[in-house]
Structure formats: structure tokens, C-alpha cells
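Peer 1: Got a structure here, written out as C-alpha cells. Questions coming.
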Amino acid sequence: MLHKLSRYLLVMIAILVLAYSVPILYNTLFDKRINTPHILYSALNDDFYISRYDEKKVLNPVDTKGKEYTQTEMMEQCPMMFATSLHQSGLLPDSIDGVKIDIETWHQNFIMYGFVPHSLRRPADEYRLFPLYESTGKIALPGDLCRIKKRVEFVNVQSNEVNEEKSLLFTKAFEKEGFVFPAQILAGNPSHRKNRADGWFITDNIGDLFHLKMENGQPVFNRIEIPEDFQIKYMQYLEVENEKLYCFIISEDNRLNILYSKDYEIVEIPVYDYIPEEHTIYIMGNMLFWMFQVNTENSIAAYAVDLDHNIIDSYYEEFQPKSEMLIGKAYHFLFPFTLKLTQPRSDPKYIDFVKFNFDGYSNFSWVYLHAVLLGVSVFLIRKRKLRFKNNIIDLLLVAATGLFGFIAINVFQNKEY
């Protein structure tokens, strides 16, 4: 009896390993890249330019009316994206819509960011120990690191001892503002290679938002008022020259917001149907407008937004998703389900662990392969002259798990004693 239990344990482990590894191998060998168009917005003629790619080369961009441009012509039509190159060649406009354009001001206001789904599974809130730089004077590496659990603690990087005096000083500042320990999400730049030290943006255990800085060795800790029923899912500190901006904030209802430095104003951006865990978003900002591009499996949406956060124009395009291509249909035919290992996104208690994500049985194309594999399994049982009653569990595993179960029961064959 023990040997049978041991065998089935090995079979189940094999099925789990195969469900994780075989789909990865399949995608590595046969995956087909979808050449998602790249969208730019022109403030000169208030239109979008779409750059496409085939398997061998970059195609000439077109506008929304279908007119084709050379790469050089597109650069001239989109000066807010290619200002550096146009400035070097003397082609940068002096002004657009009455706004004077110079390369220094452009550099101060130009922003380029992107969020991909996996970045939300490893946000900055996983910093258990983080540096808090002095915000006045020259930025230099501190001699300690900070952590926020049941209280604020500063740990000496050499002796590994807690600086009780400094820890108490900052803990009192937190308590004065009503911070509920421990911290949940942190957004900031841990590097010392930056122009300024804006500190850290922190949510407490009940989701309230705060801003932590250190000036002349003293804590500067401010509560940031957030809208009612506003729950923060993710924050990204903006490492840009524009000191007007602090953070991108994604709320639990998947709304994109910007936190401005003036009065800690939180402004919602009119970007719709954005699911951070599934979609990629590219953000470009300048002295004239913002542009947001949201890529999904089968579509692309671009929004041009003015500096008052109103939509100027939008562009939307759909294309065939991988699930409808031959590679996608074969994938669902071969694999009834898959297992993926991910790291939990926002709970500091679980950052040392991985999570099994089960995904499958979304359609019934796998039924045909399972039927074939079940028939082959019956044939092999008869060929080996085994008793069916001793192999019922094997057959059930093949019926339920298909290719994974078929491989597992044949690698660890059932032996009758």
C-alpha cells in the first residue's frame, strides 16, 4: 500500500511541475510576437501618428487619415517627443500654440514612464529597510537605514544596532499625525544618485497616505488628504526634473492619478478601461500635454490630455489576440490548465513566499486531446496486461489533466505486485 501512495505522490508532483514548465517551454519555442503599434501625438496638427512594424523592418508611420510620412517627417511633426534631435539640427519650433519652446524648459518638463503588469507584483512597498536622505544640502549616504513596523526604527548599517534616540524622535512625529503602524506601501527613490531628496510616500495600516522627509536631522512628516473611499493599490515616485510632480497613484478601482507637490493635490487622469494587472501603460508628459497609451492583448488606446487633465483627442485600434491565432488555439488544445508562480503584490507578510496561480479550463478544446490520450492509456494498459481496476485512478488523472497526467503516469508507471 505504501509503495502505491508513494507513486501517486510522485505522479501528482510531476503533474504540477509539468503544468508549470511545459507551457513555458511551448511559449519559448513557438511564441509569436505581436508587433503592437507605437502611438505619438502631435501638438502641431492635433493628430496621432502610428508607427507599425512587420517581421523585418519598421514601416513608415501614418496619421489617423492614412497619410504616410517618413521617419524624419514624423519627428518634425512631433517635436515634443524628439526635441533633443530637432534642437541639434536646428529644426525645433520657437513656439507652439503661443507657448515658447526652448530645450531647457523642455528637459524640465519631459516625462517618460511605463508600467507593466509584473511591476505591480513587486512594488516599492517591499523595501523593509530603506535609506532616508537629508533633504537639505548635498545628498550623501546615511549611516543608517529605516524600517517602519510597530514603530519607526533606524538601524546602523555597520553595528546593526537601533538608534533609539532617532527612532523615538521619528516615531513621535508619526504618532502625532495619527499614523497607524505598520507601513504598507512605500514609494521613493533609494538611490543617492539624484538631484533632490523628496523622501518617501507611505501608506499606513488603514490606507491613509503620508509624506516623510528629513530636514537638518529632524522629521518632516505630513498627512496627505485623499478623496473619500479612495484606496491606494500602487504608487510610483516620479524621478523627474519637474518639481511640481511627486507620484503616480493607481487606486483599487484602477484609476490613474497624479500626486502634485503643490498642496499635495491628487488629480485623476481620464484614462479608461485600464487594468494594471493585465495591461501595459506608457506615459509621456511635456510642457504642452500628456499622452497615455494603454496596451491590452487585442487593442491599443491612446489619450492626449491637456495640462488641465481634459482629453484633447483619443485613438483606439483592435487587432487579433494570440488566443485566436494558431499558436493560441494550439496552446489551449494542449494544456487544459497551467500553473504560474508569482509574488504577492502588496502584503509585506508574504514577500518571502511565492503564490501558485491556477489558470485553465477556459474552453473545451482540450477535451478532444484528453479523449485521445485516454484511449491511448487504455490501449497501453491492455498491452501491458494490467488490470483495469488497479488503473482507474491513472485514467481519471489523464481525463482531468490531459498531457500532464499522461506523461506523469508513464514516467512513474503503475506496477502490480
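The values are calculated or read from the model by the stated rules, or taken from the named source; none is laboratory data. None of these values were measured; they are calculated from a predicted model. Neighbour counts run over all protein chains shown; Cβ positions are idealised from the backbone, glycine included. Accessible surface areas use protein heavy atoms only, side chains included; no ligands, DNA or RNA. Shrake-Rupley method; radii C 1.70, N 1.55, O 1.52, S 1.80 Å.
Peer 1: Specify which residue in the list Ser89, Leu373, Ser159 is farthest towards the positive end of the charge dipole of the chain, using unit charges on the beta carbon of Lys, Arg (+1) and Asp, Glu (-1), about the Cα centre.
Peer 2: Value computed over the given set: Leu373.
Peer 1: Given that just one value was derived from the coordinates, which of (1) 32, 26, 20; (2) 49, 35, 16; (3) 37, 23, 20 is semi-axes √(5λ) of the Cα gyration tensor in Å?
Peer 2: The calculated read-out lines up with (2).
Peer 1: Taking amide hydrogens as modeled 1.01 Å from N in the peptide plane, which residues meet the under 5 Å criterion relative to Lys233, leaving out close sequence neighbours?
Peer 2: Distant-sequence amide H within range of Lys233: Ile250, Ser251, Glu252.
Peer 1: I'd like the distance between the alpha-carbon centres of region 385-417 and region 40-111, rounded to an integer number of Å.
Peer 2: Measuring centre to centre over Cα atoms gives 62 Å.
Peer 1: Put Met74, Met12, Met81 in order of accessible area, largest first, 1.4 Å probe: what do you get?
Peer 2: So, going from the largest accessible area down, we get Met12, Met81, Met74.
Peer 1: Go ahead and collect, in residue order, the members of region 317-337 whose backbone nitrogen is under 11 Å from a label point 7 Å along the Cα-Cβ direction of Asp273.
Peer 2: Of the residues in region 317-337, 317-319 have backbone N under 11 Å from the label point off Asp273.
Peer 1: Report ³J(HN,Hα) in whole Hz for each residue of region 95-110, in order, from the Karplus equation J = 6.51 cos²θ - 1.76 cosθ + 1.60 where θ = phi - 60°; Gly and Pro get x.
Peer 2: Per residue, the Karplus-derived 3J(HN,Hα) values read 7, 9, 6, x, 9, 5, 10, 9, 5, 5, 5, 4, 4, 5, 10, 7 Hz.
Peer 1: Something else: Can you give the extra length, in nm with one decimal, that the chain gains between Leu341 and Asn205 once fully stretched, where that is 0.36 nm per residue apart less the Cα-Cα distance?
Peer 2: 46.3 nm
Peer 1: Out of residues 5 or more away from Gly360 or on other chains, whose amide H comes under 5 Å of its own, with H placed 1.01 Å from N in the peptide plane?
Peer 2: The answer is Thr338.
Peer 1: At a 1.4 Å probe radius, which order do Thr203, Thr72 fall into by accessible area, largest first?
Peer 2: Sorted by accessible area, descending: Thr72, Thr203.
Peer 1: Using Cα positions and a limit of under 12 Å, work out the aspartates and glutamates in reach of Lys389, with same-chain residues fewer than 8 apart set aside.
Peer 2: By straight Cα distance, Lys389 reaches Glu416.
Peer 1: A further question on this structure: Go through 196-202, 179-185 and give me the packing order, highest mean Cβ count within 10 Å leading.
Peer 2: 196-202, 179-185
Peer 1: For Arg33, put the label point 7 Å out on the Cα→Cβ axis and report which residues of region 302-336 keep their amide N under 17 Å from it.
Peer 2: From region 302-336, the list is 322.
Peer 1: If we sort 255-263, 316-324 on the protection proxy, mean other Cβ atoms within 10 Å, highest first, what's the order?
Peer 2: 255-263, 316-324
Peer 1: Follow-up. Which listed residue (Asn216, Tyr234, Tyr260) has the Cα farthest towards the positive end of the charge dipole for region 115-273, taking +1 on Lys and Arg C-beta and -1 on Asp and Glu C-beta about the Cα centre?
Peer 2: Result: Asn216, furthest along the dipole toward the positive end.
Peer 1: Here's another thing I want to ask about it. Expressed as a whole percentage, what fraction of the accessible surface of the chain belongs to carbon and sulfur atoms when a 1.4 Å probe is rolled over the protein heavy atoms?
Peer 2: The value for the chain is 54 percent carbon and sulfur by accessible area.
Peer 1: If you filter region 33-107 for GluC sites (Glu not before Pro), then keep DSSP loop positions with at most 15 other Cβ within 10 Å, what is left?
Peer 2: In loop regions of region 33-107 (DSSP not H, G, I, E or B), the sparsely surrounded GluC sites (Glu not before Pro) are Glu55.
Peer 1: Roughly how tilted is helix 392-401, in degrees to the nearest 10 and between 0 and 90, from the longest Cα axis of the chain?
Peer 2: 30
Peer 1: How far, in degrees from 0 to 90, does helix 366-383 lean away from the longest principal axis of the Cα atoms of the chain, to the nearest 10?
Peer 2: 30
Peer 1: Please list, in chain and number order, the residues 5+ apart from Arg151 or on another chain whose amide H is under 5 Å from its amide H, with Hs placed from the backbone.
Peer 2: Amide H neighbours of Arg151, under 5 Å, 5+ apart: none.
Peer 1: Here is a follow-up. Can you give the charge dipole size of the chain about its Cα centre, rounded to the nearest 20 debye, using +1 on the beta carbon of Lys and Arg and -1 on the beta carbon of Asp and Glu?
Peer 2: The dipole magnitude comes to about 3400 debye.
Peer 1: I've got another one for you. Which residue, Asn109, Ile39, Pro23, has the largest displacement toward the positive end of the dipole of region 20-129 when charges sit on each Cβ (Lys, Arg +1; Asp, Glu -1)?
Peer 2: Going by the charge dipole, the pick is Pro23.
Peer 1: Using a Förster distance of 51 angstrom, determine the FRET efficiency expected from the C-beta separation of Lys149 and Phe333, and round it to 0.05.
Peer 2: Step by step, r from the Cβ atoms, then E = 0.55.
Peer 1: Another one. Compute the signed sum of charges (Lys and Arg +1, Asp and Glu -1) over the other residues within less than 12 Å, Cβ to Cβ, of Phe170.
Peer 2: 0
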